[in-house]
Amino acid sequence: MFYRERTSFMDLERAFWENAGMSLDLLHPRPQQIRDLGSHWTIPRRVPIVPPLAGAVDGTADALDATVAGGGAPCDLPLRRLSDGLKGQGIEPSLTPSSERLEGGIRLQIDRSLFSKPQSYEMALIPTGLEITAADDAGLFYGILTFCQLLQLYPSSGAALTLPTLFIRDEPDFIHRGVMLDVSRDRIPTMPTLYELVDLLAGWKINQLQLYMEHTFAYRGHAVVWKDADPFTPEEIQALDRYCRERYIELVPNQNSFGHLHHWLIHAPYRSLAECPDGVEHPFSPSREPFSLCPIDPRSISFLRDLYDQLLPNFTSRQFNVGLDETFDLGMGRSAEVCQREGRGRVYLEFLRKIHQLVAERSRKMQFWGDIILHYPELIGECPSDAIALEWGYEANHPFEEHLETFVQAGLEFYVCPGTSSWNSLAGRTKNALGNLSRAAVAGHAAGASGYLITDWGDHGHLQPPPVSTLGFLAGAAYSWNVSSASDPKHFDIPRLLDAHAFKDRTLAMADVVYGLGNLYRTAGSQVANGSALFYLLLFPDLPLNDNRFQGLTAASLGRTIDQIEDLFLKLSAAEIARTDAGLLISEFQWVASMLRFSCRMGLARFEHPSGGSLGAIPGAERLRLAGDLRDLLKEHQRLWRCRSRPGGLRNSSRRLERVIRLLEK
């Protein structure tokens, strides 16, 4: 039974690629240089492979399987990828000793002298075989990934597999190309979900992953903070670190260390460490809570020392993101007098320097969010010279160029950190995401940024299902490898690439659905920063309709949005997806579409029964119908959540929708 199901799945995947068409534009990320040599190579059914530094080996397919299954050697994963790619096309690979002449085979080699940049490779695909030469093991891996994509673009259908002859020379525009997942705002992925994501990102040549942590690591002695969160254990992080490393991805530790510590400071053992122990209003909780550590309390550094000593040994990375962003309450409480005397910027900088010392003592290089220090440009030059500033901004018009110039003048290393625009939206904001991601790439590359970090947040309950972020990950991976994809987007077909490399929908409709759902915020007519009006209309129905977040929203625009949603439902129902989780994927986007339709319905009801547009003006029977429909959507949210995420944060996430149900039932 399994064999028949697996065969059917592979047939569907092959059919997808045949339907996608043979086009080198589907290579992802786009290689820097590609030249058609005007001929072809017909791959023999048994193909010999000469690995780097190959010696006398048993020239059999079994020997290749044994070599790549052993683990440990740097070239294991590239060889495994190559072997799997060939076998998927019915070709039997085998290792062979190095020789001067290799007819009809594949030669892999590493020659650092040919390249000026790490991770580079070149590929010569000629009528007598294939040669991939790379600067290092990572470059060899990336060259093999490109070749395996070619195998998919020109699939065998029973006859011999023939590829066009090509010469490719390729290198990354950003040395560090990363993704950062928010795992602190309710949604913590299961380990299988993380492993699947790592495989996907590695295939797109992403080489860094960060898990944004506030309270979601199981620190010894601090269970009161994380006991209900389903945190990562040391053993899980160590296993993930190994998994990432085998795929040329650096798992960088990430622990916010100044602001965003409300999950800690609300508890009695830690409240006295807070800047404002009695609490402040902040955007990440409906209640007044203490938010930031007090920077002048020496116990704050002792507290962080304990966290770092527990967290860092589980990572092999020598980098560490310590956060330090959005310190809203600095100078509003216990440090007020010192801030008034010395300046808030000076107090912030001195705490940053103390944290840097902790990081340096543990032989790590410190990354920190650059938003606060940018308010004090006169102090940036005093930041530790080996620290990495992370310039973040999530709107398409974010002034990356202006901000980066400040870091350039200070002589600091820096990353650009755009976002997927998935949060506060349910479906993402497609146009904004692509604008933000591309602008960051172009500005960062021009300014000399060493890294490009795609951020993915979970504000207000992390309601968006994980696949909503796929569009941003794919675009960011393309832009960070080859900036020309961002600077010339007209020739960069995101929907087609999404179907080819993420969704594998034979009808080529799934990506259109995802792309279209992500642009509904524009149809609704109100465009606000850091979210969509449809999301705020759903989650905050007690806001008046004249709130700034709803400017431009009308009954007519909501009606047009519903019409578009219905069209997208029809497309979604026709999708034929060659993924093992196809049913789940379709259910997740059906739920997203249903939630957005519900938001429009609730908004229309408010417009139809004005009295200021309050929920109370809607007739009781209609409100009860809406409440019942939302209750059904909440149950589906809970079901879908458990498929990819741990249950720990589900209760908090569900409360966001339960609150709306209560308001409707009043």
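Annotations
- Solvent exposure, largest accessible area first (probe 1.4 Å, DNA, RNA and ligands not counted), of 285, 300: 285, 300
- Proportion of all alpha-carbon pairs of segment 573-660 beyond 21 Å (%): 43
- Order of exposure, largest accessible area first, which applies to 23, 272 with probe 1.4 Å: 272, 23
- Cross-link partners of residue 354 among lysines (Cα-Cα below 25 Å; sequence separation of 8 or more within a chain): 365
- Computed over segment 380-457, the P(r) curve from all C-alpha pair distances, binned at 5 Å from the origin, holds 3, 17, 28, 21, 14, 9, 5, 2, 0 percent per bin.
- For 322, 442, 338, the ranking by accessible surface with the largest value first comes to 442, 338, 322, using a 1.4 Å probe.
- Anchor residue 504: lysines whose Cα lies under 29 Å away (excluding residues fewer than 8 positions away in-chain): 87, 205, 431, 490, 571, 635
- Count Lys and Arg as plus one, Asp and Glu as minus one, and take only other residues whose Cβ is under 10 Å from that of residue 497; the net charge is then -1.
- For segment 88-193, Kirkwood radius (reciprocal of mean inverse C-alpha pair distance, Å): 16.3
- For the chain, the relative contact order is 13 percent, taking Cα pairs closer than 8 Å that sit 6 or more residues apart in sequence and dividing their mean separation by the residue count.
- Å³ per residue enclosed by the Cα convex hull of segment 125-275: 144
- Think of segment 515-648 as having a plus end and a minus end, set by charges on the Cβ of Lys, Arg, Asp and Glu; of 630, 605, 533, 630 sits farthest toward the positive end of this dipole.
- Relative packing of 534-541, 638-645, which averages over residues the other C-beta atoms within 10 Å, highest first: 534-541, 638-645
- In the chain, the longest principal axis of the Cα atoms and the axis of helix 555-573 are about 30 degrees apart.
- Residue among 428, 388, 296 farthest towards the positive dipole end of the chain, charges placed on Cβ: 428
- Leading residue at positive end of dipole, the chain (Cβ point charges), from 257, 408, 267: 267
- Taking a straight line from the alpha carbon of residue 117, these aspartates and glutamates sit under 12 Å away, with near neighbours fewer than eight places off in the same chain left out: 136, 170, 171, 173.
- Antiparallel bridge percentage (DSSP; both residues within the chain; nearest 5): 35
- Highest mean packing first, where packing is the average number of other Cβ atoms within 10 Å per residue, the peptides 620-626, 44-50 line up as 44-50, 620-626.
- Size of segment 305-407 as Cα extents on the principal axes (Å, biggest first): 38, 36, 23
- Anisotropy class of the chain from Cα gyration tensor, a/c 1.5 cut: oblate
- Pairs of Cα atoms farther than 22 Å apart, segment 403-500, %: 32
- On segment 211-319, 53 percent of the accessible area sits on carbon and sulfur atoms, based on a 1.4 Å probe.
- Amide H partners (placed H, <5 Å) of residue 528, local residues excluded: 533
- Charge dipole (Cα centre; +1 on Lys/Arg Cβ, -1 on Asp/Glu Cβ; no other charges) of the chain amounts to roughly 1140 debye.
- Viscosity 1.306 mPa s, temperature 10 °C, Stokes-Einstein D of segment 418-573 from Kirkwood C-alpha radius, µm²/s: 97
- Two-decimal Rg to Rh for segment 227-377 - Kirkwood Rh, Cα set: 0.99
- Helix 137-153 and the longest principal axis of the Cα set of the chain meet at an angle near 80°.
- With Rh defined as the Kirkwood radius, the inverse of the mean 1/r over Cα pairs, the Rg/Rh of segment 135-224 is 1.15.
The values are calculated or read from the model by the stated rules, or taken from the named source; none is laboratory data. Everything quoted here is computed from the prediction, not taken from an experiment. Heads up, the Cβs are rebuilt from the backbone with ideal geometry, glycines too, and the neighbour counts pull from every protein chain shown. The area values use the complete protein model at the heavy-atom level, side chains included, leaving out ligands, DNA and RNA. Shrake-Rupley method; radii C 1.70, N 1.55, O 1.52, S 1.80 Å.
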